[in-house]
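Just below is one structure, and these are the notes that go with it.
The values are calculated or read from the model by the stated rules, or taken from the named source; none is laboratory data. Quick caveat: nothing in here was measured; it's all calculated off a predicted structure. In this analysis, Cβ positions are derived from the backbone assuming ideal geometry, glycine residues included, and neighbour counts consider all displayed protein chains.
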Amino acid sequence: MDLIRADLHLHSTASDGTWLPQELVAAAKQANLGAIAVTDHESIANVAETEKYAFDAGLKFVRGVEISTTKGETSFHVLGYGINIADKRLLELLDHNEYLLAKKDEDSIRILAEKGWPVSLKEFHGYEYDRCRGGWKALCYLQDKGLCADIMDFFNRIFTKENKLGFPVFPSIAETIDVIHNAGGVAILAHAASEMHGPGLAGTMAEMAFEKFDGFECYHSKHNEEDTRKLLEHCQNNNLLISGGSDCHGDFVKSRVIGDPEIFTKNLNLPGLL
């Protein structure tokens, strides 16, 4: 049991990953994983199908989702594990967040058009893209127009305050945790040491001091050893759950590889889930 390798933060074509459920499970087997979770952004669309393929492949599987929240001016991500994927409140929250993101996509193209970029809302409305390439509609549209190189170019040059672009205002952390609990799951703060979504580990932990998380994602592809150690100590000292994963998006984000960092189930604290 202790030697089972785990990756509990994986994305599929249901959000911005490149793998279909069967492909994700095949990649997990190739990486010698024994336990996985699919945690798509604002979506549980591929959870049931991936669970079936995982069961057939002899993998342990945890139902998951990654939900965007807002605190102050920062967007934080919350992982929900062990959720009932048919829960009404959960599905309503995910639908709401997906609507906010779709509207932000549209607003982004409108703003860029007003700034003189060679884009149009009419063209964008009729634009379709292959979900297996990863990413999201606005990013793929700008790439196909030759206006954006990749995800880093998008966030560094286009999706900026200078262009009056930023993440939507999502529901609060407290509301999101309540919805996850109502759906029978546990709420874990994702990649607390990442500066992509958060002010770095020290700032994030200060922000989260009064939020009622069940635990933290201690292991993550963007956490260094010191950050991981501090998160583990915090969870162990406060009897909190411990999770971890690569945050792999298939081939979409090249720097995140399935199974990296190497995590074994003995490193985690997720009673009843693994």
- Cβ-Cβ under 7 Å pairs, at least 6 apart or on other chains, the stretch 180-192 side without any contact (Cβ under 8 Å) to a residue 12 or more places away in the chain, far side assigned to a strand (DSSP E or B): 181/187
- Item | Positions within the stretch 147-170 being loosely packed, with under 15 Cβ neighbours inside 10 Å and in a loop (DSSP other than H, G, I, E, B), in sequence order | 149, 150, 160, 164, 166, 169
- Return yes or no: is residue 51 over 21 Å from residue 101 (Cβ atoms) and modelled with pLDDT of 95 or more? yes
- Answer residue from the stretch 86-126, given it is among the aromatic types (Phe, Trp, Tyr) and surrounded by 15 or more Cβ atoms within 10 Å (Cβ to Cβ) and is farthest from residue 253 (Cα to Cα) among those: 117
- Query: Cβ-Cβ below 7 Å, separation at least six or inter-chain, first residue in the stretch 155-166 and under 13 Å from residue 105 (Cβ atoms), second among the aromatic types (Phe, Trp, Tyr) and surrounded by 13 or more Cβ atoms within 10 Å (Cβ to Cβ): which pairs?
  - Reply: 165/159
- Of the residues in the stretch 224-267, how many are crowded, with 21+ Cβ neighbours inside 10 Å, over 17 Å from the mean Cα position of the chain (by Cα) and in a loop (DSSP other than H, G, I, E, B)? 1
- Message: Condition (residue is touching a Gly at 6+ places or on another chain (Cβ under 6 Å), polar (S, T, N, Q) and touching a residue at least 60 places away in the same chain (Cβ under 8 Å)) applied to the stretch 199-206: is it met by at least one residue?
- Response: yes
